[in-house]
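Here's the structure, in structure tokens; my notes come after.
Computed from the coordinates by the stated procedures, all read-outs in this text should not be read as laboratory data. Note that the coordinates shown come from a computational prediction; the quantities given were computed from them, not determined experimentally. Cβ placement follows ideal geometry from the backbone for every residue including glycine, while neighbour counts extend to all protein chains displayed.
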Amino acid sequence: MPLISGVLNKLRKLDAYMPVELVIRAVFSLLLSRARIFSDFAPFGIGFVAAAPAGWAGAVTLAAAVIGCFSFGDIFWSIKYIAIFLVIRVSLRIFKGTPMGRMELFPPALTFFVSLCIGSVYAFGTGWSLVPTVLFVVESFLSGGCAFFYDVALSPWSDSASGKSGRVCHNVSTLILFGTLLMSLSSWMLFSVISIGRLIAVIGMMCAVYRGGICIGCAISTGIGAAMDLACGSVPFFTMSYSFTAMVSGIFSRGGRLIFLLTYIASNAITVVWNWDTFSMLPALYEVFAASVVFMLIPDSAFAKMSALFPANMSGYGFLKAREYTRDRVELASSAFKQLYDVVRDKCGEETCDNVAAVFDRASDLVCRSCPRSAKCWQQDYSDTVDIMNNITPVLMKNGSVSTGDFPSRFTESCQRLTQLTAAINAETRTFLCRRQYRTRLSESRSAAYSQYNDISAVLHSLSQELGSEVTVEPGLEKKLQKYLRGLDLDASTAVFRVKGGRLRAELRGSGVRALRRDKDCLDKLSALLGTRLCTPEDRSDPDLMVLLEAEPLRVAIGTASAKKDGESVSGDDLAYFRTDEGNMFVLLSDGMGSGEEASKLSRGTNTVMERFLKAGIPPELTIKILSDLMILKSDDDIASATVDLMCLDMFSGDTRIFKCGAAPSYIKKGNTVRRLSQPMPRPFHPPYQNSVPKSRMSPGSFAVMVSDGVVAGGDDWLRDLISGYEGQNPRELAMSVLNRAKEASGCCDDMTVMALKIDIRP
């Protein structure tokens with residue numbers, strides 16, 4: 001409802017339009033001083049005079065109020081209100097600049113006190129009878145209240161939002177000003193039948209119900225109905241009629257203009273017929289019919305702009321409870337998988353490996369059982385025989401076999417089947433070692449499989465933490481976005497919140513999104529509306545969905561260069577880079593074992609799996625752990641693997657983390673200083689599953705370089721010198737320089753991939 005005061009506020013800022021403001025204030029003052037309630041009381045003119053500022057505006061307001069009193073009432077009645085006007089203006093002038101005069105409630109309190117004092121003189125003339133006394137006290141309260149609300153309604157919007165009672169008070173104050181003006185106009189008649197004030201009121205109520213909905217429409221209609229009843233001094237017919245009509249027609253406010261209008265006319269007719277016997281108000285039917293004609297002539301563009309004047313319907317916070325419920329369920333699932341992992345891990349730890357003594361037991365059963373000297377060797381001289389076997393065990397485990405020369409001479413001289421025993425021990429040893437290797441591999445595979453339960457538990461726990469605390473709703477910004485869309489007459493649901501890390505995210509869904517996209521400046525307008533620079537993700541698969549993200553303060557430029565191994569048709573390296581909604585840039589460089597098509601397929605598959613997990617919000621450490629367990633569970637015959645070089649860059653702070661699994665070193669250049677980042681590992685995806693170098697922070701103007709192992713096969717001293725001496729600003733140029741120099745140094749004996757990244761401040 002800030003339409004009237006908004007016009008005045010805009011005109012007030014331009015001195016050239018000061019006469020226009022003075023004319024508007026004069027008209028308002030003239031009308032309000034003529035408005036009466038209870039037949040003989042006019043508190044609205046008093047309040048408007050008290051709310052007028054000093055200077056020309058106050059003088060013009062006072063003069064118009066005096067003219068209004070003389071033109072409407074007799075001299076005796078007019079003197080009372082002129083006296084009140086003059087005392088209030090003089091008192092405000094006297095107290096201006098004093099501590100009391102600067103108090104916010106001083107003008108309303110002064111208005112009440114002056115009205116009460118001067119009004120008591122006229123009440124004395126009536127003998128202090130009950131009804132006149134009560135009415136003049138009510139008039140005094142209304143005068144002070146109107147002084148307060150008129151001041152809020154005609155104040156700049158920024159002052160009302162920060163000083164008095166906020167925007168709600170401003171809207172209510174504007175409604176009071178509008179209603180009291182209509183009370184004055186209600187006595188002006190067209191064709192001696194239709195009230196001009198009530199006609200304007202009905203048009204305004206129709207618009208309020210149609211665009212504001214049933215709640216706002218009923219509130220405004222009830223207030224205007226009460227104002228019209230006060231102006232008429234009759235039974236509260238209009239309060240009942242207008243509120244009932246707004247309630248019924250508001251149900252059909254979304255069914256189209258014609259259906260809404262027919263419902264409004266029918267509801268109003270019901271209230272007129274309902275009260276026909278007690279209070280016949282046939283002009284109300286004429287006023288609604290005339291207003292309906294004007295209502296149908298209002299263009300749609302005007303309705304669209306009108307929608308922005310009404311507060312948008314805010315969604316409740318039930319979804320927060322739904323998030324909490326979902327978080328608890330996810331956390332319970334995480335605990336269940338963690339408990340399952342603990343159970344199977346303990347069970348797996350109970351397994352025992354074979355004892356090497358079983359090798360000698362099985363060999364002796366095969367060879368010595370039928371030997372005539374068996375009783376002497378394994379019964380009478382049992383201790384000596386066991387000592388001999390224990391002494392050759394280290395040799396057996398080291399070489400995987402023994403010979404007759406490994407036994408002591410006393411045993412070789414007494415044993416009649418030494419050659420057969422040696423062969424049996426070697427055969428059993430090979431079986432023993434194969435069985436041990438199998439069980440080790442089986443235990444490793446089981447451990448990896450069981451770790452999947454722990455990985456799932458960690459993923460679910462991460463999701464539950466995000467559901468619980470990482471999203472913050474922004475109801476104020478969402479309200480502004482809804483009002484903006486309503487002002488454009490676009491149908492779209494909205495959601496504004498902050499995701500993990502505090503990044504602002506807004507989502508618009510509905511048919512109106514397509515129309516919004518056609519405006520090439522919509523992103524700049526929405527950025528100004530929400531008070532932050534916005535960007536949109538590249539994915540536009542859903543035309544009815546628009547996602548807006550807070551733009552990162554940093555930007556990156558990436559240049560790549562690659563070369564295949566001599567004689568190969570494809571490279572075994574794979575490079576991928578992407579951004580997430582949380583504002584992180586990920587760069588993945590994978591080098592498949594070997595070269596050619598199989599290596600390319602392996603590296604590409606590794607990057608694809610990593611990318612999907614990282615985009616899903618899974619932390620890099622856990623992503624590498626999951627992929628490591630997957631590599632262990634591969635077939636025993638498939639020993640191929642792939643290195644992983646992962647860079648995670650925060651586009652808001654510049655913080656950088658690098659994870660390496662068997663990958664070549666990476667390099668960060670700041671100025672002329674080059675830092676080498678490397679954590680060598682025995683092989684890819686071998687415990688420890690990932691190796692993270694210390695976190696670093698890249699400042700604007702810094703470079704980062706990632707290479708596959710083919711680039712640094714002959715050392716990297718030359719590479720650090722090249723990066724340090726590079727004076728250009730083009731990452732593509734730097735990547736090509738590194739690749740060409742690597743070819744000169746070692747040739748294309750392996751696949752080569754170079755990625756150069758430069759970070760800058762977003763313009």
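A few notes on this one:
- Gap separating the Cα centres of segment 211-227 and segment 732-763, nearest whole Å: 70 Å
- Cβ crowding within 10 Å, taken as a proxy for footprinting-reagent exposure, orders LYS670, LYS520 from fewest neighbours to most as LYS520, LYS670.
- If R0 is 22 Å, the Cβ-Cβ spacing of ALA375 and MET397 corresponds to a FRET efficiency of close to 0.15.
- Ascending count of other beta-carbon atoms within 10 Å, so fewest first, for ASP40, ASP229: ASP40, ASP229
- Packing order of peptides 428-439, 706-717, 615-626, highest average first: 706-717, 615-626, 428-439 (average count of other Cβ atoms within 10 Å over each peptide's residues).
- Per residue, the average separation of C-alpha pairs within less than 8 Å and at least 6 apart gives segment 187-311 a relative contact order of 28 percent.
- Euclidean distance of C-alpha centroids, segment 387-434 and segment 252-268, integer Å: 105 Å
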